[in-house]
Structure formats: C-alpha cells, structure tokens
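Each remark here refers to the structure printed beneath this line.
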Amino acid sequence: MRRRHQPPESIEAGTPGVPDIQPDDPNPRAPKKQESRVAAGGGGGKKSAAAAEAVKLSFVREDRGKFELTDLLKASAEILGAGCFGSSYKAALTSGQVMVVKRFKQMNNVGREEFHEHMRRVGRLKHTNLLPLVAYYYRKEEKLLVHDFVPYGSLAVHLHSHQALGQPSLEWENRVKIIKGVARGLSYLYKELPSLISAHGHLKSNNVLLDENFEPYLTDYALIPVINQESAQELMVAYKSPEYLHHGRVTKKTDVWALGMLILEILTGRIPSTVLKQASTSGGGGGGGDSKEEDLAAWVRSVPEEEWPRAAVDKELAEEINEQNQGEVVKLVRIGLGCCEADVERRFDLKEAVERIEEVKVVNDDRPEDAAAFDDDFYSSYSESTTGGGGERRKPSRELSADFGGIS
C-alpha cells in the first residue's frame, strides 16, 4: 500500500481570530478539518537580548538541520489536525525540511526550568520506534513541540479510514510488525524513564505513526510530567484505565493495559470505547456515570475462542487467515486480553507482554515460511494523515505566523 500526496495548493489568506480547538476525533472516517487562525500580534521596536532569547527554539538533537523560530513561522503550513491538546501543523521550510509543529496550551502549570529539563531528557531518547523530539519552544501560555513529518499517517487512519481512502487494509504481516514495534518502543521508554509511573501515558492508534514500510513510531509519549494534572486526568489514555477509574491511581501496568487495547483494536478493526468516550469527555460534556472502558475486551471474550480467527478479527484480516497462521492469531488475541485485564494483579507486566509478543510468528501458506519472515530489527499528536477521512485534500494555511502571531 502506498499513499501519494499532492503538493500544497497556493497559500490562502485566513481570517484572524481565536482557534476553535476540538478534541481528538476518535473516528478517522469523519475527521475534523477546520482551519485555525490566531490574529498576528503586534509589538514593534527593538527587542532586547532577553526578548530575543525568549523567542528562540531549543534544539535537543544534533543530527537535524537547525533553523530559527522565525523560519518556522514563515513556513508554508497545513493544519493536520485539531486534537485534544491543540493543533498540529505541517510546516515546509524554505530549506526543504518538512516538520510538524504541535501546539500545547495545557502545560502552563509547569515551570520554565522543569520544562526545559524534561524536554532535554525526552530529547535524549533514541529508538527505532519512537518519533524523536527535534526542538521545542517555551512560553508560559503555550508550548510548541517540533518533530519530523511522517507522510504515511497514523495507524488509526490505516485501520479505520482505508476504505474511504480507497486503500487496502493492513495485511496480517504488517499488523504483527506494528504490534512488535509498538511493544519494543514502549519497553525502551520504561528502560530509559524508570522514574515515570506511566512512561507513555497516551498510547492509542492515533499516536502511532507509520512509514512506507509500516514501521511504527510512537508519538505523544512522556507528557504526563508536564501536562496540567486536570487536563491529563480528563484527556489522557492512562486516566481511562480500570485502575484509575475504580481506584484513582495509575500504575506501572497502566501502559500495558493501553497496549492490550491497541492490540485488540489492530486485530478487530473496532475503535475502543475509551477513545470514543474521550471525545465527549474532552469536548466539555463531562465525565460521570459508569465507564465502559473494557467494552472491546469484553466483546472479544464473549466470542468463543475457536471462533476468534473468523468472528473476532475484522473481516478483511479474516480472509487472510488459514490453517498455518490461525494459531498465531489466537495467540495474539490472548496476549491482548492478558494485557488489558481489569485486575492489575492478573494483568501481564510489560516484560512478559513483550516476550509473548516477540514469540508471535508470521506464517503464510502462499510462500515458504522463511520467505514470509520479515526483518524485526530495523523511527499530538498529530493523529491524521494529510488527507481527510473522505479522501479530500486538506487546504493549506498561509504562513504559520498567522496562527502564532503572539510569539513573533
């Protein structure tokens, strides 16, 4: 499967105003695709050295070409999505670099030095399955995080919007590859960030990006320490877990629960109710009432195990299942269910989950088994591809400075 992207249209002038930020759309079949504008700020005159320093990008990687914040603000930009934390923009610099700028307004309770230290820590993370932070910008009212652009979009789009985009579904081999990559990236986060209770905290299909080889990259990880607590509790996946909903706590196994829900989503093609509920909660409808965060797992458990390869997986994947690979499908469903056990004591820990995932094989009777094997060793949110769920192309905004006038 390959997606070809058209070059941006001519930049259009927008209407200044306050951006209407919407929560993450859990259903990529009908993504929101509004344009947001922020009135260009004034403030002429000569800037002091301190003021100049205040509008400087902080780079955390040495293997990327450097650019100034002014270069970023002048870049031709397209809005990629308006998620629960803010908008994401694809910015094409005159140097040829293409970056993604994600804007956060729910980080204004963290101090400058604390924020700088955490971003430097995140910037030191290097793993095949993590989308690295390239640079960031600090201002009390809002923060900008800058990443590389991954043109093949999110896992959510590939799972739930491929029909609308006229694309084939993910093959079994690629689903296994994605799950293994996600598990490896998560394992690395816990190894490098041992002090964090929930090293990712926001694991879902919208926050897994895919390259042209279906290699997955985790995004929006390690944000809990810098997100305002009230926003984290309302919006982040970790706070939708059974242990938080029932006992008010997040544990070292909370990301394992999110991993299990993701595995089941990849296999069934169904959107977890955690994601569906998130939109109404973050949209201001409020929480309350009994949660049904375990609905997807409960539904899978309601299907007899011997029927999983036909009745539990999505119909397009079911067409690929045969006598040689159905045992591996059942094995992976069991792993998903073991990861999202509501009882934390019975749930797999991350080490056991990863080990079990690594044991899953790709078997296909159309080719010799050794030919069917693939190389397992091989890199907010923005959560949508550059095309809308209906296949239409997104309209580019004008210069990025139109949306960040208060910074310049």
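Listing for the model above:
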{"item": "Relative contact order [Cα under 8 Å, 6+ residues apart], the range 155-372, whole percent", "result": "22"}
{"item": "Three semi-axes of the equivalent ellipsoid, the range 120-239, Cα gyration tensor, whole Å, largest first", "result": "26, 16, 15"}
{"item": "Protection-proxy order for peptides 72-78, 237-243, 194-200, 58-64, each taking the mean of Cβ atoms within 10 Å per residue, highest first", "result": "237-243, 72-78, 194-200, 58-64"}
{"item": "Full-extension gain in nm, E171 to T70, via 0.36 nm per residue minus C-alpha separation", "result": "32.1 nm"}
{"item": "Descending Cα extents along the principal axes, the range 155-372, whole Å", "result": "52, 35, 35"}
{"item": "Gain upon complete extension [R249, E355; 0.36 nm per residue less C-alpha separation]", "result": "35.5 nm"}
{"item": "Spatial separation of Cα centroids for the range 84-132 and the range 176-255, in angstrom", "result": "16"}
{"item": "Set K90/K126; K74/K191; K66/K105; K126/K351; K90/K240 screened for pairs whose C-alpha atoms are more than 27 Å apart", "result": "K74/K191; K90/K240"}
{"item": "Ordering of 176-182, 296-302 by packing [mean C-beta count within 10 Å, highest first]", "result": "176-182, 296-302"}
{"item": "Per-pair calculated FRET efficiency, R0 = 60 Å: E117 and N322 via Cβ, rounded to 0.05", "result": "0.70"}
{"item": "Pair Q229, R334: separation of 7 Å Cα→Cβ label points (nm)", "result": "4.2"}
{"item": "Computed label-point distance, nm, for sites T128 and E141 using a 7 Å Cα→Cβ extension", "result": "4.4"}
{"item": "Rel. contact order, % - alpha carbon contacts under 8 angstrom, at least six apart, the range 54-152", "result": "30"}
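Computed from the coordinates by the stated procedures, all read-outs in this text should not be read as laboratory data. All of these numbers come straight from a predicted model, not from anything done at the bench. Cβ coordinates were reconstructed from backbone atoms using ideal geometry, including for glycine residues, and neighbour counts include every protein chain displayed.
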